[in-house]
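The values are calculated or read from the model by the stated rules, or taken from the named source; none is laboratory data. As the structure is a computational prediction, the values presented were derived from the model and not from experiment. All Cβ positions, even for glycine, are placed from backbone atoms using ideal geometry, and neighbour counts span all protein chains on display.
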Ligand SMILES: Cc1cc2nc3c(=O)[nH]c(=O)nc-3n(C[C@H](O)[C@H](O)[C@H](O)COP(=O)(O)OP(=O)(O)OC[C@H]3O[C@@H](n4cnc5c(N)ncnc54)[C@H](O)[C@@H]3O)c2cc1C
């Protein structure tokens, strides 16, 4: 049995805590606000195990200026943050080269191929198996040109054995009658699934972690420079044999204190949840040309997306949530936006769309579990298995080299 400290009580830290407590370790979970809002609360709820396509693809760079100057566009930048963002941006450009994309997609396929098998027992353990809806997802296009523009992504999915069916606009509307008649084409992905409400899953996980005897400490971990010690903002130190860094978008500073430089940004995402949408969707729908999604959650229809680079401390710009609501009206005529709850979350994003999972290249006692970008809910159970195997001395189920912090140099 080892003493393991985990920094971060989002979906990733909690999933790791449950696995490690189950292995018999003495686990301490550290979070400045264990019960407070976090990225893991308000996401779109998608189990997007088909998403082997990285955020940076060849040629995509030419689409970015158009997005940046479109007030409803999927990408926004607060210009004051541009100098700090530059190294990350250069990494993003490099990740979009053809050879890199192949490598990244193969690594993502390895992780995503494990998702269903890892998630099922976790959801069963925390009493949420009936909150997992395995109904696929439907990507819809307004024009054939829009579908053509995404060909490379669909070809990449095909290379990795991801099942999908291209269907006509009429077939898409037969699956989801709430869609506007101007939908020209659709792609149905049967492997995708969604949960009733990501916050509900997070809350059940936190309850299970507490029930498993994990000590929850309300404080911020400030540095892990000294082996066997986690220093807290409260001034206290926690003695441990190993530390897991799972502090989402805040993880880079802790990694730096262990001597590792990682490229990590907050890719802020927005949504609006409509308690009385007055339109019905059966499954998650992806509005591909405008890069946003709608998920039918138990608490309402959630319309979400956007990628805003503004750093970790800038106040949210909820005009982006309202813009998503207006966009949804174009695709879902009759949708009722009244009473919509606006939300922003800090996606922990690496430039190459790969999470950082596994031991620090410098310190065997430090294990990383952050940087899951758009896939943190999807990959939580799988990350927990990989971290658990590492710390419990079990053979790795996957080669962790592509996810090493060492790749940032
Ligand atoms: C709009 C939007 C839609 C999304 N949709 C999906 C989706 O459909 N499917 C999917 O899989 N993913 C989705 N995501 C991504 C997903 O939400 C994230 O990848 C995931 O929540 C990250 O979890 P985390 O535990 O790493 O971070 P978080 O949930 O952010 O948790 C990090 C925790 O670390 C704590 N912390 C911070 N600093 C410290 C410190 N120094 N010491 C200790 N603790 C610290 C914080 O208080 C916080 O509790 C979406 C994200 C957004 C924004």
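Summary of values
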read-out: Elements of type helices (runs of 4 or more DSSP H) in segment 68-164, at least 1 residues being under 18 Å from the mean Cα position of the chain (by Cα); value: 82-95, 98-112, 115-125
read-out: Hey, residue 228 surrounded by fewer than 20 Cβ atoms within 10 Å (Cβ to Cβ) and closer than 30 Å to residue 23 by Cβ or not; value: yes
read-out: Qualifying residue in segment 262-276 (condition: assigned to a loop (DSSP other than H, G, I, E, B) and either within 14 Å of the ligand (Cβ to nearest atom) or within 30 Å of residue 214 (Cα to Cα) (or both)); value: yes
read-out: Which listed residue, of 364, 405, is modelled with pLDDT under 95 and over 29 Å from residue 193 (Cα atoms); value: 364
read-out: Output for segment 165-190, where each listed residue is more than 28 Å from the chain's Cα centre (by Cα) and either assigned to a loop (DSSP other than H, G, I, E, B) or under 16 Å from residue 150 (Cβ atoms) (or both); value: 169, 177, 180, 181, 182, 184
read-out: Residues that are farther than 27 Å from residue 120 by Cβ and within 16 Å of the chain's Cα centre (by Cα), drawn from segment 1-37; value: 37
read-out: Residue match in segment 54-70 (condition: in contact with a strand residue (DSSP E or B) (Cβ under 6 Å, 6 or more places away or on another chain) and in contact (Cβ under 8 Å) with a residue 12 or more places away in the chain); value: no
read-out: Any hit, segment 334-342, residues being within 15 Å of the ligand (Cβ to nearest atom) and surrounded by 15 or more Cβ atoms within 10 Å (Cβ to Cβ); value: yes
read-out: From the options 286, 299, residue that is closer than 22 Å to residue 131 by Cβ, away from the ligand (no atom under 13 Å from the Cβ) and under 22 Å from the mean Cα position of the chain (by Cα); value: 299
read-out: Qualifying position, being more than 30 Å from residue 169 (Cβ to Cβ), away from the ligand (no atom under 14 Å from the Cβ), under 17 Å from the mean Cα position of the chain (by Cα) and touching a residue at least 12 places away in the same chain (Cβ under 8 Å), among 355, 351; value: 351
read-out: Scan of segment 268-289 for residues that are surrounded by fewer than 21 Cβ atoms within 10 Å (Cβ to Cβ) and closer than 22 Å to residue 39 by Cα, ordered by number; value: 275
read-out: Any hit, segment 371-390, residues being surrounded by fewer than 22 Cβ atoms within 10 Å (Cβ to Cβ) and at pLDDT below 95; value: no
read-out: Residues of segment 230-253 satisfying the condition of being without any contact (Cβ under 8 Å) to a residue 40 or more places away in the chain and part of a helix (DSSP H, G or I); value: 252, 253
read-out: Flag if residue 315 is away from the ligand (no atom under 11 Å from the Cβ) and touching a helix residue (DSSP H, G or I) at 6+ places or on another chain (Cβ under 9 Å); value: no
read-out: Qualifying residue in segment 87-103 (condition: under 30 Å from residue 327 (Cα atoms) and within 11 Å of the ligand (Cβ to nearest atom)); value: no
read-out: Among the residues listed as 400, 327, the single one being more than 15 Å from the ligand (Cβ to nearest atom), buried (at least 16 other Cβ atoms within 10 Å of the Cβ) and in contact (Cβ under 8 Å) with a residue 12 or more places away in the chain; value: 400
read-out: Matching residues, segment 29-65, being more than 12 Å from the ligand (Cβ to nearest atom) and either part of a helix (DSSP H, G or I) or closer than 19 Å to residue 14 by Cβ (or both); value: 60, 61, 62, 63, 64, 65
